[in-house]
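Next up is a structure, given as structure tokens.
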Ligand SMILES: O=C1CCCN[C@@H]1CCCn1cnc2ccccc2c1=O
């Protein structure tokens, strides 16, 4: 039974689980926190990989593959970045009945796997820049609530690791990669993102600074980190003795390269689903949907003669072939063991951007009746020589409409505030907050603590709905695009009298 029973605005967790299973994206699996990624979702990952992978390759990044097993000594080499994450590291301790002499960890990320070899391969400045990337899985045995695509114990990602001779080159690459991450979200997935830098509290502790693309899930009013691009500085270079001869000297003195690392994961698919999905099911962005146009024959009745039925089937196949020849991912669903209505609903729940019902009278008139999934509108397109441009326009219009709708929702649910008393009510109104911050870590901690307390107090009043989020707001990013900050504007934090230094995006988040 395909029908959705949960409503997105009522209970997004229940809605999400139904949507991703009925759209055949996910199958639940018997190891907690792990899920089967079915073709309808995996093909989105393949589109993302093709788009992002081709662009980083064109810019000079080389793909490679490192082992997924990490020895304990190597993993714990960079103390301060691992200690916070140690509880998430999964270990292999046995093979068959026998304990391993030395347990090996499953990679949670590959800095410590790769950098001993960066030290071996980098000798001269001519070995720089070294820019390697791998598409792989990683394991992080998290204990917080697992959510398919969004928070899983194993996920797919790409991780890029660069080493440069100069800080400038590294800084430039951090932003170049972030621009591509924004492109994955905005050009492929029709999801608007805010680009910014993480606060010291939220950045990757092993690095110098972390830049991020932040998405927004309007249905629950929560931010979601989309991808990160870190400048690691020389921290790992010092730890792993990565050095190169100083080209400006001839006394053999060494320099430590400036490194970056950057990652994008299958969380992208979860964000896409949560942002665009509706109470019918998934709504696929046209540029990543494995099927962009589905054709279902209709109007076949007992009165239809065999040759009429055959003519109609052939026409559906011919239309699909013409669309494929024009470069679209089109499919004719002629499975007559399912009713046309069942087929129509099937592709609607899966979120195919354009569905075409082709019947005898459309065939006669050579006009195609299009059902547009994202807004349930109807369009008719002549089946003529302009097929390619008509469908290209229709699909681009769908992408832009989905993007603009999501952007309008985010703008509508982003409150720019300067007074603390407006902060928690905004969170409880499914909003994120752009607020002035003095830059003190104390205030950032306080904002999270006090907003959580104020939310709990509210939930206490509203007893019956224990699901109301009592989560505090964390800083999502310091947007690169900063509104003007007038002289004397104070930090939003309750009780802080410091002048604000920056506008910061705060919100509950995944
Ligand atoms: O984000 C990225 C992008 C891709 C390459 N790695 C960086 C930083 C990863 C930070 N991190 C995240 N979880 C971890 C979990 C266990 C051990 C170590 C880590 C860890 O270093």
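Bear in mind these aren't lab numbers, they're just calculated from the coordinates by the rules spelled out. Treat the numbers as computed from the prediction; the structure is a model and nothing was measured. No Cβ is skipped: glycine too gets one built from the backbone with ideal geometry, and neighbour counts run over all protein chains shown.
Report relative contact order for the range 117-265 in percent, whole number only (criteria: Cα-Cα under 8 Å, sequence separation at least 6). It would help to have the intermediate numbers written out before the result.
Working: 288 pairs, mean separation 40.1, N = 149.
Relative contact order comes out at 27 percent.
Under 1.5 on a/c is rounded, so check that first for the range 307-392, then, if it is not, pick prolate when a/b is larger than b/c and oblate when it is not; a ≥ b ≥ c are the square roots of the alpha carbon gyration tensor eigenvalues. Please list the in-between numbers first.
Numbers: a/c = 1.43, a/b = 1.02, b/c = 1.41.
Rounded, because the longest to shortest axis ratio a/c is under 1.5.
Once you have a ≥ b ≥ c as the square roots of the Cα gyration tensor eigenvalues for the range 46-151, tell me rounded if a/c is under 1.5, and otherwise prolate or oblate according to whether a/b is larger than b/c. Before the final figure, lay out the partial values.
Numbers: a/c = 2.05, a/b = 1.31, b/c = 1.56.
Because a/c hits 1.5 or more and a/b fails to exceed b/c, the range 46-151 counts as oblate.
Taking the Cα atoms only, what angle lies between the long axis of helix 111-121 and the longest principal axis of the chain, rounded to 10 degrees?
So the inclination is approximately 70 degrees.
Right, here's the next one. What's the center-to-center distance, using Cα atoms, between the range 338-368 and the range 93-147 in Å?
The distance from the Cα centre of the range 338-368 to that of the range 93-147 comes to 48 Å.
May I pose another question? So what is the relative contact order for the range 336-457, in percent, with contacts set as C-alpha pairs under 8 Å and at least six apart? Could the numbers behind the result be given before it?
On the way: 93 pairs, mean separation 16.0, N = 122.
RCO, the range 336-457: 13 percent.
Hey, can you rank 368-377, 4-13, 177-186, 301-310 by average C-beta count inside 10 Å, highest first? Write down the numbers at each step before the final one.
Working: 368-377: 17.7, 4-13: 14.5, 177-186: 20.6, 301-310: 9.8.
Packing proxy ranking, top to bottom: 177-186, 368-377, 4-13, 301-310.
Quick one: which of 360-367, 129-136, 96-103 comes out on top by average Cβ neighbours within 10 Å, and what's the full order, highest first? If you can, show how the numbers build up before the last one.
Details: 360-367: 14.0, 129-136: 18.4, 96-103: 8.1.
Top of the packing list down: 129-136, 360-367, 96-103.
Give me the distance between the Cα centres of the range 1-70 and the range 307-332, rounded to whole Å.
30 Å
Same structure again: Relative contact order (percent) for the chain, with alpha-carbon contacts under 8 angstrom and 6 or more residues of separation? Please list the in-between numbers first.
Details: 999 pairs, mean separation 69.7, N = 510.
Averaging sequence separation for qualifying contacts and normalising by length gives 14 percent for the chain.
Continuing with this model, one more query. Round to a whole angstrom and tell me the spacing of the C-alpha centers of the range 387-451 and the range 219-237.
18 Å
Compute the acute angle (0 to 90°) between the alpha-carbon long axis of helix 387-412 and the principal axis of greatest extent of the alpha-carbon atoms of the chain; round to the nearest 10°.
The two axes meet at around 50 degrees.
Quick one: which of 321-332, 240-251, 205-216 comes out on top by average Cβ neighbours within 10 Å, and what's the full order, highest first? Spell out each step's value before the answer.
On the way: 321-332: 16.6, 240-251: 14.2, 205-216: 23.2.
Result, highest mean Cβ count within 10 Å first: 205-216, 321-332, 240-251.
Still on this structure, please answer the following. Assuming 0.36 nm per residue, please report the length gained on full extension of the stretch residue 309 to residue 393 beyond their Cα-Cα distance. Show your work: numbers first, answer last.
On the way: separation 84, 0.36 × 84 = 30.24 nm, distance 3.10 nm.
The residue 309-residue 393 span can extend by a further 27.1 nm.
Full extension from residue 64 to residue 98: what is 0.36 nm times the residue separation minus their Cα-Cα distance, to one decimal in nm?
Working: separation 34, 0.36 × 34 = 12.24 nm, distance 3.21 nm.
Length gained between residue 64 and residue 98: 9.0 nm.
I've got another one for you. Tell me the angle of helix 267-276 to the major Cα principal axis of the chain, expressed in degrees between 0 and 90 and rounded to the nearest ten.
Result, in degrees: 50.
On to the next question. Given a Förster radius of 60 Å and the C-beta distance between residue 401 and residue 123 as r, what FRET efficiency does 1/(1 + (r/R0)^6) yield to the nearest 0.05? If you can, show how the numbers build up before the last one.
Values: r = 54 Å, r/R0 = 0.89.
So, using R0 = 60 Å, E works out to roughly 0.65.
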